[in-house]
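The values are calculated or read from the model by the stated rules, or taken from the named source; none is laboratory data. None of the values given here were measured: they were computed from a predicted structure. Virtual Cβ from ideal backbone geometry, glycine too; neighbours counted across all protein chains shown. Accessible surface is based on the protein model in full, side chains and every heavy atom, while ligands, DNA and RNA are left aside. Shrake-Rupley method; radii C 1.70, N 1.55, O 1.52, S 1.80 Å.
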Amino acid sequence: MTSVAIVTGASSGIGAATARRLAAEGFHVLAAARRAERLADLVAEITSAGGQATAVTCDITSDESVAGLAEAAAQAPGPVTLLVNNAGGARGLDPVESGSVADWQWMYDVNVLGTLRVTQALLPALEASGSGTIVVVSSTAGLGVYEGGGGYTAAKHAQTAIAGTLRLELCGRPLRVIEIDPGMVKTDEFGLVRFEGDAERAAAVYAGVPGPLVAEDVADCIAWCATRPEHVNIDRLVVRPRAQAAQHKVHRV
């Protein structure tokens, strides 16, 4: 029977790339996100390439919507063995003293509480499979801080804390918890969301950086971790482009 993988935030960027890659690995992918039209296009792309996928419209900031995702998982054509908590994002680059409370709240709800909601809803199905894997896509922002990043780094530190705590709490049960921490990843939407559609400001983040990561690089890491033998747990995988030695140290040409 085909194993089922659930990917949140699947309508673009890392989520879409991960859905494509997992389908290529033989999973039936439940692609979850808010934007139904984009999901439909993604599923059509995957199926035309010979893979299996189903679109599930889901807002991870809504308890009711996440309950709907769990219902879709129960109707999936196989055991749910993989959950990729990918949905997240950043807003603003303001210092703590002038940061928007609304932006901070959005980042916490999407990155932290979204991971909590979805994980709680899918844990029973993952455990029932006999060999479930939970992937939390956090960030190197969850391992350090930088000026202007207070809200985002706070949220990602919290997400990292969820992954570590969950691994302790689930020890002895047939479940793995994997944390993926990407550094600089150039995608179509992350910077645009952070800077409220300012394309010039978003592009400046990657200006002169030779070979930033792309979504497919992170998807490759997720797929590799998730397809290790079931007794192997990759606790944390930190992935940066070669040009980024640390959060504050980036080579530009």
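Tabulated values for the structure
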{"read-out": "Heavy-atom surface of the range 100-253, accessible at 1.4 Å and reported per residue (Å²)", "value": "48 Å²"}
{"read-out": "Cα long-axis angle, helix 114-128 against the chain (0 to 90 degrees, to the nearest 10)", "value": "20 degrees"}
{"read-out": "Mean residue ellipticity (222 nm) of the chain, computed from DSSP H runs ≥ 4 via -39,500 (n - 2.57), nearest 500", "value": "-12500 deg cm²/dmol"}
{"read-out": "For the range 66-128 versus the range 217-253, the gap between their alpha-carbon centres in whole angstrom", "value": "20 Å"}
{"read-out": "Under-5 Å amide H pairs with Ala53, H placed in peptide plane, nonlocal only", "value": "Val29"}
{"read-out": "Rg [Å, one decimal], Dmax [Å, integer] - the range 11-103, C-alpha atoms", "value": "15.5, 52"}
{"read-out": "Calculated from backbone phi, Karplus (6.51, -1.76, 1.60) coupling profile of the range 184-197 in Hz, x at Gly/Pro", "value": "6, 10, 8, 10, 6, 10, 3, x, 5, 5, 4, 10, 6, x"}
{"read-out": "Rounded FRET efficiency, nearest 0.05, which uses the C-beta distance separating Ala246 from Gln52 and R0 of 35 Å", "value": "0.30"}
{"read-out": "About the Cα centre, charge dipole magnitude for the chain (Lys/Arg +1, Asp/Glu -1 at Cβ), debye", "value": "640 debye"}
{"read-out": "Point-to-point label distance, Gln120-Val232, nm (Cα→Cβ direction, 7 Å offset)", "value": "3.4 nm"}
{"read-out": "0 to 90° range, to nearest 10: angle between helix 13-24 axis and the chain longest Cα axis", "value": "30 degrees"}
{"read-out": "Value of relative contact order over the range 169-253, rounded to a whole percent, pairs C-alpha under 8 Å and six or more apart", "value": "43 percent"}
{"read-out": "List Thr81, Thr54, ordered by accessible area with a 1.4 Å probe, largest first", "value": "Thr54, Thr81"}
{"read-out": "Estimated vicinal HN-Hα couplings, Hz - the range 171-179 in sequence order (Karplus 6.51, -1.76, 1.60; Gly, Pro = x)", "value": "4, x, 9, x, 9, 10, 10, 10, 10"}
{"read-out": "Residues of the range 9-87: accessible area per residue with a 1.4 Å probe, Å²", "value": "42 Å²"}
{"read-out": "Apportionment of accessible area to carbon and sulfur, the chain, percent (1.4 Å)", "value": "52 percent"}
{"read-out": "The range 40-61-the range 130-184 distance, computed between alpha-carbon centres (Å)", "value": "25 Å"}
{"read-out": "List Val110, Val193, ordered by accessible area with a 1.4 Å probe, largest first", "value": "Val193, Val110"}
{"read-out": "For q = 0.13, 0.21 Å⁻¹, Debye-computed log10 I/I(0) when each Cα of the range 153-211 counts as one equal scatterer", "value": "-0.54, -0.86"}
{"read-out": "Calculated from backbone phi, Karplus (6.51, -1.76, 1.60) coupling profile of the range 235-248 in Hz, x at Gly/Pro", "value": "4, 8, 10, 9, 10, 10, x, 4, 6, 10, 7, 7, 4, 9"}
